[in-house]
Amino acid sequence: MIKNNLLHLHICMQRTKGGNSCSHIGFGSCRGNSQTLHNQNPSKTILEQKTVVGSGGGAKDPNHITMTPTVSAAAGYKWRLVIAYDGTHYAGWQYQQSPPTIQCTLEKALTRATKLERKDLVLVGASRTDRGVHAWAQVAHFVTPFNYDNLASIHAALNGLLPSDIRVREISPAVPEFHARFSAKSKVYHYKIYNDSIMDPFQRRYAYHSIYKLNTVVMREAASYFVGKHDFSAFVNASHNDGVPDPVKTIFRFDVIEMGALLQLEVEGSGFLYRQVRNMVALLLQIGKEALPRDIVPMILASRDRKELAKYALAAPPHGLCLVTVKYSEEHLRLPSGCPNTSFGRHHTVSKCKLPFY
């Protein structure tokens, strides 16, 4: 297979030099008289020739080449999803079959709607939300070997296959450079706290109940210490998925908004570590109860030690947290040419009333 790929690349290069163009469309079909190369799996990569450099800085052999995998821009068609979900009954976003996760449930719907295998879809989410955490605008992308003329049908099919607590709000074509996770410029999370003696039963799934009267003035002052570029090692829980993540993150804003008995903590940052938001909220809750001074925030940040935070607060419960927005540059959000328009769902209309009047 590798020899055939290299032969095809060589033929394309020679014909391009001779004046015949070789343009890759969809799954790498080449126009003109050249041989067609089909990459049947959009998750795979094309092979790139690269000279091997020795440890001394010089080339070992000018005729020796190695195959280095690089992402193919012509590997298929990429699609962007905006997803809302109630995370109450799910073990987070990250794929696992039991207990069910958002990614697993969404992939099952995608495989039925597209007739593709999971490995071919290569579904990637912007944020790996934790067990019980909700989302209004989670962003994900997947790829297909074929184009769509209209996205309304697959949009309706996906929502018809998904359970009622998961909904695809938007589906749109995406440029090859777009990546749901790595292209994100910032993410916005909201954490809701119901601050009253009696819990509103309609808020119980989406807000944490604090029976202690919280001082929102000192909470705002304490939240301002998080804004800026910091090492958040003291606010991260150990995770088996991320390996050794970079603990330095930038918080652009951290607002405490009062809406009657409901407090909404809004935080926007370049990225967040595992359970970072819930750990920051937990400390603010202790400060709001006036159990801790507000200047304890910079002290714990400076310690870079998770054990230091554990002396004062445990992570806030997950059900109050919601991923609200993932922001991207205009370049990554532009629609590619030759693809259908974004689908926001379609409304049904009734031409005439079919019920009798009484």
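Please give the FRET efficiency for R118 paired with H347, using the beta carbon to beta carbon distance and R0 = 30 Å, rounded to the nearest 0.05. That gives a FRET efficiency of 0.40.
Assuming 0.890 mPa s and 25 °C, estimate D for region 155-202 with Stokes-Einstein, Rh taken as the Kirkwood radius over Cα pairs, in µm²/s. It comes out at roughly 162 µm²/s. Only sites in a loop by DSSP and with at most 15 other Cβ atoms within 10 Å count here; which GluC sites (Glu not before Pro) in region 154-240 make the cut? For GluC sites (Glu not before Pro) across region 154-240 that sit outside H, G, I, E and B with at most 15 neighbouring Cβ atoms in 10 Å, the list reads E177.
Under 1.5 on a/c is rounded, so check that first for region 137-272, then, if it is not, pick prolate when a/b is larger than b/c and oblate when it is not; a ≥ b ≥ c are the square roots of the alpha carbon gyration tensor eigenvalues. It is oblate, given that a/c is not under 1.5 and a/b is not larger than b/c. 3J(HN,Hα) along region 97-106: 7, 9, x, x, 10, 5, 4, 4, 5, 5 Hz, from the Karplus curve 6.51 cos²θ - 1.76 cosθ + 1.60 with θ = phi - 60°, whole Hz, x for Gly and Pro.
The gain in end-to-end length when the F146 to S270 segment is fully stretched comes to 41.3 nm, 0.36 nm per residue minus the alpha carbon separation.
Stretching the chain fully between E177 and M299 yields a gain of 39.9 nm (0.36 nm per residue, less the alpha carbon separation). Residues whose amide H falls under 5 Å from that of A174, counting only those 5 or more places apart or on a different chain, are K78, W79, R80, with hydrogens built in the peptide plane.
Using the Cβ-Cβ distance between S224 and S329 with R0 = 30 Å, the FRET efficiency computed as 1/(1 + (r/R0)^6) comes to roughly 0.65.
So how much slack lies between A261 and D200, counting 0.36 nm per residue of separation and subtracting their Cα-Cα distance, in nm? That pair, A261 and D200, stretches by 21.0 nm at full extension.
Tell me, rounded to the nearest percent, the portion of alpha carbon pairs in region 137-176 spaced more than 17 Å apart. Summing the P(r) tail past 17 Å for region 137-176 gives 34 percent. Annotation: I257 carries an accessible surface of approximately 60 Å², with a 1.4 Å probe and no ligand, DNA or RNA atoms counted.
The chymotrypsin sites (Phe, Trp or Tyr not before Pro) of region 90-165 meeting both criteria, a DSSP state outside H, G, I, E and B (loop) and at most 12 other C-beta atoms within 10 angstrom of the site's C-beta, are F146. Restricting the calculation to Cα atoms, every distinct pair contributes to the Kirkwood radius of region 72-167, found to be 13.6 Å.
The fraction of accessible area contributed by carbon and sulfur in region 207-293 is 52 percent, rounded to a whole number (1.4 Å probe; ligands and nucleic acids excluded). Can you give the Rg/Rh ratio of region 219-333, where Rg is from the C-alpha atoms and Rh is the Kirkwood radius? Taking Rh as the inverse mean 1/r over Cα pairs, Rg/Rh reads 0.96. DSSP loop trypsin sites (Lys or Arg not before Pro) in region 192-274 with at most 13 other Cβ atoms within 10 Å of their Cβ, which ones? Sites meeting the loop and neighbour criteria: R204, R205, K213.
Using a simple spin-label model with pseudo-atoms 7 Å out from Cα toward Cβ, H89 and K289 lie 3.3 nm apart.
The values are calculated or read from the model by the stated rules, or taken from the named source; none is laboratory data. Fair warning: this is a prediction, and the values are worked out from it, not measured in the lab. Please note: Cβ atoms are built from the backbone with ideal geometry, for glycine as well, and neighbour counts cover all protein chains shown. Just the protein is used for accessible areas: all its heavy atoms, side chains included, with ligands, DNA and RNA removed. Shrake-Rupley method; radii C 1.70, N 1.55, O 1.52, S 1.80 Å.
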